[in-house]
């Protein structure tokens with residue numbers, strides 16, 4: 001299958017952890033997933049950070065270390081090249097659930113990172129004036145404190161129990177209103193946000209395509225097409241890059 005991009009005016013792509021597996025990052029769920037080794041749902045919850053921030057840093061500090069060791073793969077690069085090829089009258093929004101920044105490092109622009117960025121740190125005090133800043137430290141042995149208000153600092157990612165990033169979520173919702181091509185790549189099509197996004201795209205009359213290793217089970221009728229395989233192998237072929 002080949003997607004003829006010249007037919008579409010407003011493209012929205014949603015990516016999940018499956019896009020980054022070929023770079024050497026593990027998915028959260030499934031065989032070999034992070035959930036098998038770490039208590040992700042507990043340590044990555046906002047309640048845990050409030051109670052024991054060192055546990056949250058233990059989880060995300062280790063993930064930060066892993067992210068710094070890897071590089072974008074052909075899936076990331078294909079999406080960046082796709083965006084670069086579009087005409088001025090075509091719009092493209094890359095919505096990602098990933099916090100690894102690999103899309104941006106591959107050259108993608110107009111990226112809506114709805115779960116934040118693991119390589120950024122911010123203050124946990126919402127009233128603090130400290131701006132989020134780039135941070136490569138794992139903070140594995142000591143919870144860092146804010147230089148402005150002395151509150152615990154935290155990774156600038158969305159924890160369990162929190163809402164997705166507001167600006168990124170609004171960007172996604174705006175783009176989906178006029179979407180005529182929607183792809184969900186390397187992410188489950190059955191849970192939020194993928195399930196919501198594909199329904200919105202379907203409502204707008206878009207062509208909807210699911211790209212992943214595993215088929216949808218049960219099927220999601222909002223997806224018109226299903227392409228199975230590895231993102232890093234499929235994406236260059238889909239767009240003839």
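The values are calculated or read from the model by the stated rules, or taken from the named source; none is laboratory data. Computed from a predicted model, the values in this text were never measured in an experiment. Cβ atoms come from the backbone with ideal geometry, glycine included; neighbour counts cover every protein chain shown.
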**Message:** Every residue in region 135-146 that is surrounded by 10 or more Cβ atoms within 10 Å (Cβ to Cβ) and on the phi < 0 side of the Ramachandran plot, please.
**Reply:** 135, 136, 137, 138, 140, 143, 144, 145, 146
**Item:** Any chance residue 153 is out of contact with any helix residue (DSSP H, G or I) (no Cβ under 8 Å at 6 or more places or on another chain), surrounded by 16 or more Cβ atoms within 10 Å (Cβ to Cβ), assigned to a strand (DSSP E or B) and in the same structural domain as residue 58 (by TED's automatic domain parsing)
**Value:** yes
**Prompt:** If you scan region 79-105, which residues turn out to be surrounded by fewer than 24 Cβ atoms within 10 Å (Cβ to Cβ) and within 17 Å of residue 237 (Cα to Cα)?
**Reply:** 80, 81, 82, 83, 84, 85, 86
**Asked** In this structure, is residue 194 under 29 Å from residue 232 (Cβ atoms) and at pLDDT 95 or above?
**Response** no
**Request:** Please indicate, with yes or no, whether at least one residue in region 20-38 is closer than 22 Å to residue 121 by Cα, crowded, with 18+ Cβ neighbours inside 10 Å, touching a helix residue (DSSP H, G or I) at 6+ places or on another chain (Cβ under 9 Å) and at pLDDT 95 or above.
**Result:** yes
**Request:** Could you tell me which numbered condition residue 184 fails, if it satisfies all but one of (1) at positive phi; (2) in contact with a helix residue (DSSP H, G or I) (Cβ under 9 Å, 6 or more places away or on another chain)?
**Result:** (1)
**Message:** Quick check on region 68-78. Is at least one of its residues at pLDDT below 95 and either in contact with a strand residue (DSSP E or B) (Cβ under 7 Å, 6 or more places away or on another chain) or assigned to a helix (DSSP H, G or I) (or both)?
**Reply:** no
**Prompt:** Does residue 82 fit the bill of being touching a residue at least 40 places away in the same chain (Cβ under 8 Å) and under 15 Å from the mean Cα position of the chain (by Cα)?
**Reply:** no
**Request:** Tell me the strands (runs of 3 or more DSSP E) entirely within region 84-141 that contain at least 2 residues that are over 21 Å from residue 180 (Cα atoms).
**Result:** 116-123
**Message:** Show me the strands (runs of 3 or more DSSP E) found entirely inside region 160-241 where at least 1 residues are within 18 Å of the chain's Cα centre (by Cα).
**Reply:** 181-185, 207-212
